[in-house]
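Undergrad: The structure under discussion is supplied below as structure tokens; questions concerning it will follow.
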Amino acid sequence: MCRGYSDARPQARILVLLLVLHIAIGPIFAPAQAQTATNGGVESSMLVNVLDPNGAALVSARVRLSDGHGQERTLDTNSRGEALFNRLKTGKYRLQVEAAGFEPLSMKEVAVEAGVNHLQVNLEVSSIKEEVKVSQERREEATDPHGTAFTTVLTEEQLAQLPDDPEEFSQVLREMAGPGAIIRVNGFSGGKLPPKSQIREIRFRLNPYAAENHVASNVAVDIYTKPGLDNWHGTFNFGFRDESLNARPAFAPRRGPEQYRRTGVSLDGPIWRNRTSLFLNLDGHRSFDSQTIVAALPEGNFNSLVPVPSNTLNLSARIEHTLTKYHTLRAEYQRNALRQDNLGVGNFDLPERAYGRNQAEHLFRLSDTGPLSQRTVNEFLLQARWLQVDQRSLDDSPAILVLNAFNRGGAQINSTRHTRELEIADNFDLALRNHSLRAGLLFEADSYNSDERRNYAGTFTFANLDAFRRSRPTTFTQRTGDPSVNFNQYQFGWYLQDDIRLRKNLSLNLGMRQEIQTQLDDRNNIAPRAGLAWSPFADGKTTIRAGTGIFYQWFDANVYEQALRVNGQRERDIVVQNPGFPNPFDGGRQLTLAPSRIQQDPRLSMPYIWQASLGVERQLSKTLLLRTNYFYQRGLHQLRGRNINAPLEGLGRPDPLSGNVTEIESSANSWLHMLNLNLSPSHYQFGKRLFWVVNYSLARSISEADGPLSLPADNFNLRAERGPS
């Protein structure tokens with residue numbers, strides 16, 4: 001029985017609670033709206049909200065409302081910038097708004113309908129005014145978690161210099177950010193990046209110990225798209241390369257053909273000018289390279305090149321609606337398709353060993369981001385993902401493996417995998433005097449359905465080419481049984497974070513995060529975080545950053561899937577020693593191996609990383625910035641496999657009815673020391689047409705395990721597994 005189903009009801013209740021909380025948040029923080037009863041449908045009310053160009057409320061603004069009979073009513077706005085006119089008759093009115101220091105709004109005609117009417121007025125700053133420039137002290141700016149010292153923004157000119165190819169574009173961003181960078185688009189991870197023409201800005205955020213982060217990463221790259229375009233735009237780009245500058249591979253008879261053709265088309269423009277925009281994008285590539293086959297066949301040596309084609313087609317459509325100047329609603333759909341052929345061919349594997357892969361991903365995203373009041377901002381994110389991966393062999397005949405000579409016959413890989421993922425997140429920000437509070441919830445519900453058939457027609461293994469000529473295989477293996485697996489997985493997390501301004505040159509951020517997963521009984525996964533930024537000198541050119549925190553790691557769904565599939569009951573491996581050929585059961589000794597299985601340790605805990613770092617940032621000159629960071633990571637409760645049914649010397653297996661029993665344990669450790677140097681011009685800019693960044697990392701890593709399914713060399717001496725990784 002799949003353990004994922006046992007926890008489905010509590011997680012479903014959590015999902016319902018999250019949705020109810022999000023629906024409830026809006027009314028709680030939204031400006032109060034009076035409910036005025038109508039008298040026969042002729043009396044109404046008008047709520048006028050007066051804001052400045054930045055969306056802040058204007059207090060004591062004078063609002064006048066007059067009807068067609070010369071009757072005028074005047075009110076001043078309250079602390080929320082609101083003026084409420086009650087007991088109005090339906091019809092046409094004229095509105096006039098005035099505020100000191102702002103251009104007045106004079107005699108605007110408005111229509112009052114039955115019920116409650118709401119009108120927002122944004123006043124522009126007066127053209128004749130006294131300017132007072134307010135700026136942060138340099139040391140205060142260097143330690144502000146929400147300022148430029150923690151965030152670097154690429155300008156439009158710098159964006160234009162980046163590659164047009166989406167894959168190269170993503171790679172360049174990762175190189176600029178440094179090791180372990182996370183890339184998000186409008187708050188979402190995964191999927192394809194939008195074309196450059198649709199990007200408003202790219203921010204590199206340096207805040208590794210923020211409680212909102214699930215992964216331990218030094219830099220996060222946030223990409224924001226453009227809302228509210230006023231004109232239609234279109235772009236077209238094309239790229240091409242081939243093997244002209246390649247060298248001939250050492251074992252190939254000639255230089256192999258290679259080609260890459262990429263095409264991209266985008267169209268974007270307003271549906272409702274300066275309010276609602278539509279963005280369409282299509283990009284794809286058709287490419288192939290060559291794999292070299294070097295084999296020794298009975299009739300002689302075989303040396304050839306086989307093309308390996310790959311085709312992608314990515315489609316995306318996005319609608320962005322600007323509710324207010326700082327409030328945006330987005331909906332996006334992506335379809336990303338990939339087809340690859342002639343996989344598994346090369347070296348000793350002949351062309352008939354090929355198999356193909358088809359992959360189709362559908363992605364739907366919905367987000368609502370904007371202020372709820374002058375001090376509060378809410379961000380709601382929903383992402384649904386459907387992924388289907390099909391693999392099919394070119395040939396289904398039995399495989400023939402002749403060691404150090406050639407491999408022919410079918411690859412015998414037929415599988416279909418369906419993945420459905422739902423992610424819901426909500427982030428809430430509250431600004432107080434010296435505190436910036438941020439809290440959030442995350443809920444993920446995933447469903448997996450896979451059917452993976454391998455070696456279903458069997459495999460003959462020959463010791464050498466001479467044994468093949470004499471039709472003397474050493475073994476024949478075949479896998480039988482039911483390979484289908486279905487399960488659900490649920491994940492939940494919450495966090496609370498407080499960025500505190502202690503002094504002008506000193507800031508402290510404290511946070512806590514908890515994460516829970518259905519496949520593990522471990523629930524006490526509290527992850528405290530702390531970070532500090534200090535600018536000790538009066539010139540503000542030197543900033544010291546330090547921090548520490550715990551980061552939990554999800555138990556991977558693929559590992560849990562293997563534990564369900566290889567449970568000793570679904571599938572069996574048949575082995576025939578010294579079989580006949582081509583009929584393996586004509587002679588030889590047939591035996592069915594005792595089934596092996598993979599299982600979880602009942603005490604399995606969620607693995608986590610404890611990270612600490614110390615860094616110094618120095619402004620070397622007006623345009624040159626040097627960052628140095630030392631990171632230490634200690635991995636605890638890391639996953640590894642151990643064969644608990646390994647044979648004992650002179651006694652055999654503890655359970656003779658079972659084969660290898662790989663138990664997944666959370667008993668391994670890891671250590672990482674890393675020094676990272678980052679040298680760049682301020683704001684990644686040098687001159688008008690050149691910008692650059694240099695990253696250098698020196699690291700030393702020690703680990704006690706290669707992975708949750710990898711068995712140690714000696715199951716009775718796990719300490720011997722410790723070594724460089």
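The values are calculated or read from the model by the stated rules, or taken from the named source; none is laboratory data. Keep in mind that what you see is a predicted model, and the values were worked out from it rather than measured. Cβ atoms come from the backbone with ideal geometry, glycine included; neighbour counts cover every protein chain shown. When the accessible area is computed, the model is the full protein with side chains, heavy atoms only, and any ligands, DNA or RNA have been set aside. Shrake-Rupley method; radii C 1.70, N 1.55, O 1.52, S 1.80 Å.
Undergrad: May I ask you to verify whether residue 580 is open to solvent by less than 30 Å² (accessible area, probe 1.4 Å), more than 34 Å from the chain's Cα centre (by Cα), among the small types (Gly, Ala, Ser) and under 30 Å from residue 668 (Cβ atoms)?
TA: Working: open to solvent by less than 30 Å² (accessible area, probe 1.4 Å): yes; more than 34 Å from the chain's Cα centre (by Cα): yes; among the small types (Gly, Ala, Ser): yes; under 30 Å from residue 668 (Cβ atoms): no.
Considered against the rule, which asks whether it is open to solvent by less than 30 Å² (accessible area, probe 1.4 Å), more than 34 Å from the chain's Cα centre (by Cα), among the small types (Gly, Ala, Ser) and under 30 Å from residue 668 (Cβ atoms), residue 580 comes out as no.
Undergrad: While we're here: Looking for something touching a Lys or Arg at 6+ places or on another chain (Cβ under 7 Å), under 30 Å from residue 442 (Cβ atoms) and either of a type in the set (D, E, K, R) or surrounded by fewer than 16 Cβ atoms within 10 Å (Cβ to Cβ) (or both) - is there at least one such residue anywhere in region 223-231?
TA: Yes: region 223-231 contains one or more residues that are touching a Lys or Arg at 6+ places or on another chain (Cβ under 7 Å), under 30 Å from residue 442 (Cβ atoms) and either of a type in the set (D, E, K, R) or surrounded by fewer than 16 Cβ atoms within 10 Å (Cβ to Cβ) (or both).
Undergrad: Let me ask another. Restricting the search to region 75-118, which residues are open to solvent by 80 Å² or more (accessible area, probe 1.4 Å) and within 14 Å of residue 51 (Cβ to Cβ)?
TA: Across region 75-118, the qualifying residues are 79, 80, 118.
Undergrad: Ok, one more. For region 234-248, what are the residues that are among the charged types (D, E, K, R) and outside any strand (DSSP E or B)? Reasoning before the result, please.
TA: Narrowing region 234-248 to residues among the charged types (D, E, K, R): 241-243, 248.
Answer for region 234-248, where residues must be among the charged types (D, E, K, R) and outside any strand (DSSP E or B): 243, 248.
Undergrad: From the list 363, 401, 338, exactly one residue is open to solvent by less than 20 Å² (accessible area, probe 1.4 Å), at pLDDT 95 or above and of a type in the set (A, V, I, L, M). Which is it? Reasoning before the result, please.
TA: Working: 401 fails: open to solvent by less than 20 Å² (accessible area, probe 1.4 Å); 338 fails: open to solvent by less than 20 Å² (accessible area, probe 1.4 Å).
Just a single option satisfies the conditions, and that option is 363.
Undergrad: Further question: For region 697-713: of the residues being at pLDDT below 90 and open to solvent by 80 Å² or more (accessible area, probe 1.4 Å), which is nearest to residue 639 (Cα to Cα)?
TA: Looking at residues that are at pLDDT below 90 and open to solvent by 80 Å² or more (accessible area, probe 1.4 Å), I get 706.
Undergrad: Are there any pairs with C-beta distances below 8 angstrom linking a residue in region 339-355 that is touching a residue at least 60 places away in the same chain (Cβ under 8 Å) to a residue that is open to solvent by 30 Å² or more (accessible area, probe 1.4 Å) and in a strand (DSSP E or B), with the two at least 6 apart or on different chains, and if so which?
TA: 344/355
Undergrad: Need pairs with beta-carbon distance below 8 Å; first residue free of Cβ contacts under 8 Å to residues at least 12 places away in the same chain and within region 235-249, second open to solvent by 100 Å² or more (accessible area, probe 1.4 Å) and among the basic types (Lys, Arg); sequence gap 6+ or separate chains.
TA: Listed by first residue and then by second, the contacts come to 247/255; 248/254; 248/255.
Undergrad: Taking into account only those residues within region 61-74 that are over 46 Å from the mean Cα position of the chain (by Cα) and small (Gly, Ala, Ser), which is least open to solvent (accessible area, probe 1.4 Å)?
TA: By that ranking, first place goes to 66.
Undergrad: Where the second residue is at pLDDT 85 or above and among the charged types (D, E, K, R) and the first is on the phi > 0 side of the Ramachandran plot and lies in region 568-581, which pairs have Cβ atoms under 7 Å and are six or more apart or on separate chains?
TA: So the pair list comes out as 568/597.
Undergrad: Considering only region 317-324, I want to know if a residue exists there that is more than 30 Å from residue 373 (Cβ to Cβ) and open to solvent by 60 Å² or more (accessible area, probe 1.4 Å).
TA: The first filter runs over region 317-324 and keeps only residues more than 30 Å from residue 373 (Cβ to Cβ), leaving 317.
Filter once more, so that each one left must be open to solvent by 60 Å² or more (accessible area, probe 1.4 Å): none.
No, there is no match, as no residue in region 317-324 is more than 30 Å from residue 373 (Cβ to Cβ) and open to solvent by 60 Å² or more (accessible area, probe 1.4 Å).
Undergrad: Output the residue which, of all residues in region 436-478 that are assigned to a helix (DSSP H, G or I) and of a type outside the set (Asp, Glu), is nearest to residue 405 (Cα to Cα).
TA: So the residue we want is 465.
Undergrad: With respect to residue 254, is the statement that it is loosely packed, with under 15 Cβ neighbours inside 10 Å and either at pLDDT 85 or above or of a type in the set (Lys, Arg) (or both) true? Can you show your working first?
TA: Details: loosely packed, with under 15 Cβ neighbours inside 10 Å: yes; either at pLDDT 85 or above or of a type in the set (Lys, Arg) (or both): yes.
Taking the combined requirement at face value, the residue satisfies it.
Undergrad: Out of the residues in region 448-473 that are of a type in the set (Ser, Thr, Tyr) and surrounded by 15 or more Cβ atoms within 10 Å (Cβ to Cβ), which is farthest from the chain's Cα centre (by Cα)?
TA: Going residue by residue through region 448-473, those that are of a type in the set (Ser, Thr, Tyr) are 448, 450, 456, 459, 461, 471.
Next, only the ones that are surrounded by 15 or more Cβ atoms within 10 Å (Cβ to Cβ) stay: 448, 450, 456, 459, 461.
Values: 448: 19, 450: 23, 456: 36, 459: 40, 461: 43 Å.
My answer is 461.
Undergrad: With the requirement that a residue be part of a strand (DSSP E or B) and open to solvent by less than 60 Å² (accessible area, probe 1.4 Å), what does region 479-489 give you?
TA: At the first step, the residues of region 479-489 found to be part of a strand (DSSP E or B) are 479-481, 484-489.
Once the filter is applied, which keeps residues that are part of a strand (DSSP E or B) and open to solvent by less than 60 Å² (accessible area, probe 1.4 Å), region 479-489 yields 480, 481, 484, 485, 487, 488, 489.
Undergrad: List the pairs whose first member sits in region 618-645 and is under 25 Å from residue 607 (Cα atoms) and open to solvent by 40 Å² or more (accessible area, probe 1.4 Å), whose second member is among the charged types (D, E, K, R) and part of a strand (DSSP E or B), and whose Cβ atoms are under 7 Å apart, counting only residues at least 6 apart or on separate chains?
TA: Pairs that qualify, where the first residue is under 25 Å from residue 607 (Cα atoms) and open to solvent by 40 Å² or more (accessible area, probe 1.4 Å) and the partner is among the charged types (D, E, K, R) and part of a strand (DSSP E or B), are 642/663; 642/665; 644/663.
Undergrad: Cβ-Cβ distance below 6 Å, separation of 6 or more or different chains: which pairs start in region 647-669 with a residue that is under 16 Å from residue 572 (Cα atoms) and open to solvent by 80 Å² or more (accessible area, probe 1.4 Å) and end on one that is among the small types (Gly, Ala, Ser) and in a loop (DSSP other than H, G, I, E, B)?
TA: The qualifying pairs are 657/594.
Undergrad: I'd like the full set of residues that are touching a residue at least 40 places away in the same chain (Cβ under 8 Å) and basic (Lys, Arg), limited to region 488-546.
TA: Listed by number, the residues that qualify are 501, 504, 513, 529, 541, 545.
Undergrad: Quick one: which of 157, 124, 131 is modelled with pLDDT of 80 or more and either surrounded by 13 or more Cβ atoms within 10 Å (Cβ to Cβ) or farther than 27 Å from residue 217 by Cβ (or both)?
TA: On the way: 157 fails: modelled with pLDDT of 80 or more; 131 fails: modelled with pLDDT of 80 or more.
Just one listed residue meets the conditions, 124.
Undergrad: Considering only residues that are within 36 Å of the chain's Cα centre (by Cα) and open to solvent by 50 Å² or more (accessible area, probe 1.4 Å), look in region 583-598 and name the one that is farthest from residue 522 (Cα to Cα). So that I can check it myself, show each step before the final result.
TA: Just the residues of region 583-598 that are within 36 Å of the chain's Cα centre (by Cα), to begin with: 596-598.
Restricting the remaining residues to those that are open to solvent by 50 Å² or more (accessible area, probe 1.4 Å) gives 596-597.
Values: 596: 27, 597: 23 Å.
Checking each candidate, the answer is 596.
Undergrad: To continue, here is another question. Output the qualifying pairs, or none if there are none: Cβ atoms under 9 angstrom, residues six or more apart or on different chains, first residue in region 714-725 and exposed (fewer than 15 other Cβ atoms within 10 Å of the Cβ), second residue part of a helix (DSSP H, G or I) and not aromatic (Phe, Trp, Tyr).
TA: These pairs meet every condition: 714/720; 714/721.
Undergrad: Here is a further query. Pairs needed: first member in region 310-322, in contact (Cβ under 8 Å) with a residue 40 or more places away in the chain and of a type outside the set (Val, Ile, Thr); second member anywhere, surrounded by fewer than 16 Cβ atoms within 10 Å (Cβ to Cβ) and not in a strand (DSSP E or B); C-beta distance under 8 Å; at least 6 residues apart or different chains.
TA: That search, which allows pairs on different chains as well, returns 321/275.
Undergrad: From the list 216, 211, which residue is under 30 Å from residue 606 (Cα atoms) and modelled with pLDDT of 90 or more? Walk me through how you get there before you give the answer.
TA: On the way: 216 fails: modelled with pLDDT of 90 or more.
Matching residue, one of 216, 211: 211.
Undergrad: I've got another one for you. Pairs only if they're at least six apart or on different chains, beta carbon under 9 angstrom, first in region 425-436 and at negative phi, second open to solvent by 70 Å² or more (accessible area, probe 1.4 Å) and part of a strand (DSSP E or B); list them, first residue then second.
TA: Close Cβ pairs (under 9 Å, with a partner that is open to solvent by 70 Å² or more (accessible area, probe 1.4 Å) and part of a strand (DSSP E or B)) amount to 434/502.
Undergrad: Here is a check on your reading of the model: is residue 492 crowded, with 21+ Cβ neighbours inside 10 Å, assigned to a strand (DSSP E or B) and modelled with pLDDT of 90 or more?
TA: No; evaluated as a whole, the condition is false for this residue.
Undergrad: On the basis of being farther than 30 Å from residue 549 by Cα, open to solvent by 60 Å² or more (accessible area, probe 1.4 Å) and not in a loop (DSSP other than H, G, I, E, B), does residue 305 make the cut?
TA: Numbers: farther than 30 Å from residue 549 by Cα: yes; open to solvent by 60 Å² or more (accessible area, probe 1.4 Å): no; not in a loop (DSSP other than H, G, I, E, B): yes.
No: the conditions fail for residue 305.
Undergrad: Continuing with this model, one more query. Would you pick out the residues in region 60-94 that are part of a strand (DSSP E or B), out of contact with any Phe, Trp or Tyr (no Cβ under 7 Å at 6 or more places or on another chain) and small (Gly, Ala, Ser)?
TA: 83, 91
Undergrad: Any chance region 416-425 includes a residue that's in contact with a Lys or Arg (Cβ under 6 Å, 6 or more places away or on another chain), in a strand (DSSP E or B) and open to solvent by 40 Å² or more (accessible area, probe 1.4 Å)? Outline the logic, then answer.
TA: Looking only at region 416-425, we keep the residues that are in contact with a Lys or Arg (Cβ under 6 Å, 6 or more places away or on another chain), and these are 421.
Right, trim to in a strand (DSSP E or B) and you get 421.
Right, trim to open to solvent by 40 Å² or more (accessible area, probe 1.4 Å) and you get 421.
Scanning region 416-425, I find at least one residue that is in contact with a Lys or Arg (Cβ under 6 Å, 6 or more places away or on another chain), in a strand (DSSP E or B) and open to solvent by 40 Å² or more (accessible area, probe 1.4 Å), so the answer is yes.
Undergrad: Is there a residue being out of contact with any Phe, Trp or Tyr (no Cβ under 8 Å at 6 or more places or on another chain), surrounded by 20 or more Cβ atoms within 10 Å (Cβ to Cβ) and among the aromatic types (Phe, Trp, Tyr) anywhere in region 543-565?
TA: There is at least one residue in region 543-565 that is out of contact with any Phe, Trp or Tyr (no Cβ under 8 Å at 6 or more places or on another chain), surrounded by 20 or more Cβ atoms within 10 Å (Cβ to Cβ) and among the aromatic types (Phe, Trp, Tyr).
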